[in-house]
Each structure stands twice: as C-alpha cells, then as structure tokens.
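Undergrad: First, the structure itself, so that you have it in front of you.
Derivation of every value follows stated rules applied to the coordinates shown; laboratory data play no part. Here the structure is a predicted model, which means the values were calculated and not measured. Ideal geometry is used to build each Cβ from the backbone, glycine not excepted, and the neighbour counts take in all protein chains shown.
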Amino acid sequence: MSLRLINGRDVAAQVTEALNDRLQVLRAQGINPGLAVVVVGDDPASHVYVRMKGKACDRMGMLSRTHILPSSTSEDDLLSLIDSLNADAEIHGILCQLPLPSHIDERKVIERIDPYKDVDAFHPYNVGRMLIGDPLFLPATPAGIQRLLVSYEVETRGKHVVVLGRSNIVGKPIASILMQKGEGADATVTVAHSRSTDLEGLCRRADILIAAVGIPLFVKADMVKEGAVVIDVGTNRVDDPASDKGYRLVGDVDFDNVKGKVAAISPSPGGVGPMTIAMLMENTVKAAEMSLGH
Ligand code: NAP
C-alpha cells in the first residue's frame, strides 16, 4: 500500500489562493477584510501565533490590527476594547488569543465578541449554529481538518472516526462537524478522552483517527488499524539541545512507526497547523462578505 502524506501546507496555499477572487469582489465594493487580534500577557506561544496571523493578513493585503495588552489588563478594559472593535466598521473579524490571564473570565470575553465577527467561532451562538448544522463560521482548526480530508478525497460517509480529545477548540467541534449530514461528514463518530476505557481498542476500530490529546507521540503503531487514515493535530514542544531554539515540535502520533501501517497520515508539523491560519483567513473574508448584507 502506498502511503499518502496529507500535506497541510499545499492545501492551505490552495485555500488562500481561492480567497483572492473573493477579495477582489469585496475590494470592488470598497471593503478590505480586517482582522483584529487581541493578546493579553506574554505567553511566548501566543505571541508566535499572533504574529503568524498578522503576517497571513499582510500576505493577502488584508487589514490586520494586533492589540498587545499587559497581563495586568483588567477584565473591564479588555471588554471595552472588544466593544470598540465590535463597533469598528474596518474590522470584520475579532479574535482574542487564549489562554487569558486567570483574573479574566474567558467566557465573558468570548461572549462579548459580536457573533458575526467571531472568526474563531468560540461564541456559544456559533457553537450552537455549528451543532445544528447551520454555521456562520466553523472554528479554524477543526474546519481545517475537514478541509484536509475533503481535499485528499478521504471518504468520511459511514466511516468510523475516533477523535482523541474533547477540548472545546478541537475535539468537540471536529466531532460535531464530522457527524453532520453532507459532504466531508456523515461519519459515525466516537470521542475518547482521559476517562475512556479501552482507548487502544477504540483507536484500533477507527477508519479515521484524529489525535488531539497534546501528548508527544501518544498514538503508537499498535493503536492504529492497518489502512486507516490518521490526522495528527498535536503540536508539542519537546526539548532538543541540537536545535537552535532548544526545542522542536512533535505531534501526538508516533509518525515514524505509524506511517508504515496507514493509508494516509497528516504529519505534525506540516499538517493541520498551516490549515488553521488559512481557515481563519477564510472566516475573515466570509465575515467581510456578511457585513455587506448585515
Ligand atoms: P487540551 O485542551 O489539553 O485537551 C486535550 C484532550 O486530550 C482532553 O480532552 C483530554 O481529556 C485528552 N487527554 C489527555 N490525556 C489523555 C489520555 N492519556 N488519554 C486520552 N485522552 C487524553 O488540548 P487541545 O487544545 O485540544 O489541543 C490538543 C493538541 O492539539 C495540543 O498538542 C495542541 O497544541 C494541538 N493544537 C493544534 C492546533 C493547530 O492549529 N494545529 C490547534 C489547537 C490545538 P480530558 O478532557 O478528560 O482531560
């Protein structure tokens, strides 16, 4: 069996390329999509992600505004910033990089974002619309996973998908997306987590295994069915004195040992990661399009 490597960089480039026509149509109507990214505190990983999002906007000629706030920022001040971005006609998408410092209630902040500007799709309104199969936006990482599967013509209809992890940003939404009716969905989904029993047996019954546990190399070859499709969402830093940075990124899947057994696999890095940014750009363009009729 020849292994198919699911290349997120290629598919992400196709997604952003396809946005160019939509951008032209918007600009002809005097609209350039604008994304505001808010980051509170000095979590290094958050700052890396925020820079990547800003650069992606720049590459596409979209407006990007980054608000870097000190970790001492009060909840009220953050909510006031969100209010001003909600009211700002140049800004079509707003996202607040998580995690927030512990004195700020993340739910309050997420719920303050106008659902029509909520390009992360974390607002309960958007979570609800996703669940009933009528989304305004889909959250970027799970939407990127679905797009990868569609792009590589991985059949999901009637297939058994096992999702490892039940977080609000990956596990729960990808399960809810793949169980919907329609193309790139219609799957039978099992969601497993740290309280699941016989995790290995569950994984071995997966036609498509999606790993989002945040544990380096958690999924071993003996947990994967021969010929399965594996999507590795994990992005974990492990110490690596040989690297300039002192660390390297690895996924949740033991790629080197799993790859010989599966039909297709997305590596990490280079799989789901690039898709997250591309889908965020797509959501921001969609938000700008919706602003015309809103
Ligand atoms: P998270 O919030 O920490 O959730 C991890 C999930 O894994 C939880 O549901 C947890 O179960 C489950 N889990 C932990 N240990 C387990 C075990 N031994 N057996 C079974 N399940 C276990 O993580 P997340 O935010 O979903 O992220 C998961 C991974 O994806 C991380 O590596 C993260 O960096 C990566 N990620 C990548 C992207 C991207 O763009 N590529 C985006 C988001 C996240 P409980 O609920 O029972 O605790």
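Undergrad: Where the only charges are on Cβ atoms (+1 Lys, Arg; -1 Asp, Glu), what is the dipole of the chain about its Cα centre, to the nearest 20 debye? Mind showing how you got there, number by number?
TA: On the way: 31 positive and 37 negative charges, 118 e Å.
Dipole of the chain, to the nearest 20 debye: 560 debye.
Undergrad: When you take every Cα atom in segment 78-161, what is the radius of gyration, and what is Dmax, the widest Cα pair distance, in Å?
TA: Rg and Dmax of segment 78-161, Cα atoms, are 15.5, 47 Å.
Undergrad: Long-range amide H contacts for Gln180: which residues qualify at under 5 Å (H placed 1.01 Å from N, peptide plane, sequence gap of 5 or more or a different chain)?
TA: Asp186, Ala187
Undergrad: Would you count, across the chain, every pair of lysines whose alpha carbons are under 16 angstrom apart, provided the pair is eight or more residues apart or spans two chains?
TA: Number of lysine pairs found: 9.
Undergrad: Still on this structure: Report the Rg/Rh value for segment 39-130, based on alpha-carbon coordinates and the Kirkwood definition of Rh. Walk me through the numbers before you get to the answer.
TA: Values: Rg = 13.0 Å, Rh = 13.7 Å.
Rounded to two decimals, Rg/Rh equals 0.94.
Undergrad: Hey, another quick one. Looking at segment 134-196, which trypsin sites (Lys or Arg not before Pro) are in a loop (DSSP not H, G, I, E or B) and have at most 14 other Cβ atoms within 10 Å? Can you show the working numbers first?
TA: Numbers: sites: Arg147, Arg157, Lys159, Arg166, Lys181, Arg195; in loops: Arg157, Lys159, Arg166, Lys181, Arg195.
Filter output for segment 134-196: Arg157, Lys181, Arg195.
Undergrad: Sorted from fewest to most neighbouring beta carbons within 10 Å, what does the list Lys220, Lys53, Lys172 look like?
TA: Going from sparsest to densest Cβ surroundings: Lys220, Lys172, Lys53.
Undergrad: Another one. Once the principal axes of the Cα atoms of the chain are found, what is the range along each, listed largest first in whole angstroms?
TA: 52, 41, 35
Undergrad: Around Lys245, with a cut-off of 11 angstrom between Cβ atoms, what is the net charge of the other residues, counting Lys and Arg +1 and Asp and Glu -1?
TA: Details: positive: Arg237, Arg248; negative: Asp239, Asp240, Asp244.
After counting each charged neighbour, the total is -1.
Undergrad: Let me ask something else. Report, in cubic angstrom per residue, the convex hull volume of the C-alpha atoms of segment 157-294.
TA: Numbers: hull volume 18.7 nm³, N = 138.
Dividing the Cα hull volume of segment 157-294 by its residues yields 135 Å³.
Undergrad: Now for a different question. Which order results if His103, His160, His123 are arranged by neighbouring Cβ count within 10 Å, fewest first? Please list the in-between numbers first.
TA: Working: His103 10, His160 16, His123 21.
With the fewest neighbours first, His103, His160, His123 line up as His103, His160, His123.
Undergrad: If you stretched the chain out fully between Leu79 and Ile215, how much longer would it get, using 0.36 nm times the residue separation minus the C-alpha to C-alpha distance?
TA: Values: separation 136, 0.36 × 136 = 48.96 nm, distance 3.36 nm.
Gain on extension, Leu79 to Ile215, equals 45.6 nm.
Undergrad: Towards the positive end of the charge dipole of the chain, with charges on Cβ (+1 Lys, Arg; -1 Asp, Glu), say which of His47, Val15, Ile113 has the farthest Cα.
TA: Farthest along the dipole direction, towards plus: Val15.
Undergrad: Between His103 and Thr197, what's the calculated FRET efficiency when r is the beta-carbon distance and R0 is 30 Å? Round to 0.05.
TA: Once the sixth-power term is evaluated, E becomes 0.20.
Undergrad: Given the -39500 (n - 2.57) contribution per DSSP H run of 4+ residues, what per-residue ellipticity at 222 nm results for the chain, rounded to the nearest 500 deg cm²/dmol? Provide the component values of the computation, followed by the final result.
TA: Details: 10 runs with 116 residues, N = 294.
About -12000 deg cm²/dmol.
Undergrad: Work through the residues other than Ile31 whose Cβ is under 13 Å from its Cβ and net out their charges, Lys, Arg +1 and Asp, Glu -1. Working shown, then result.
TA: Numbers: positive: Arg22, Arg27, Lys286; negative: Glu90, Glu289.
Net of charged neighbours comes to +1.
Undergrad: Please give the FRET efficiency for Leu131 paired with Leu3, using the beta carbon to beta carbon distance and R0 = 25 Å, rounded to the nearest 0.05.
TA: Details: r = 35 Å, r/R0 = 1.38.
Computed FRET efficiency for Leu131 and Leu3: 0.15.
Undergrad: Also: Counting only other residues whose beta carbon sits under 10 Å from that of Leu95, what net charge do I get with K and R as +1, D and E as -1?
TA: Numbers: positive: Lys53, Lys117; negative: Asp118, Asp120.
Net local charge, Leu95 excluded: 0.
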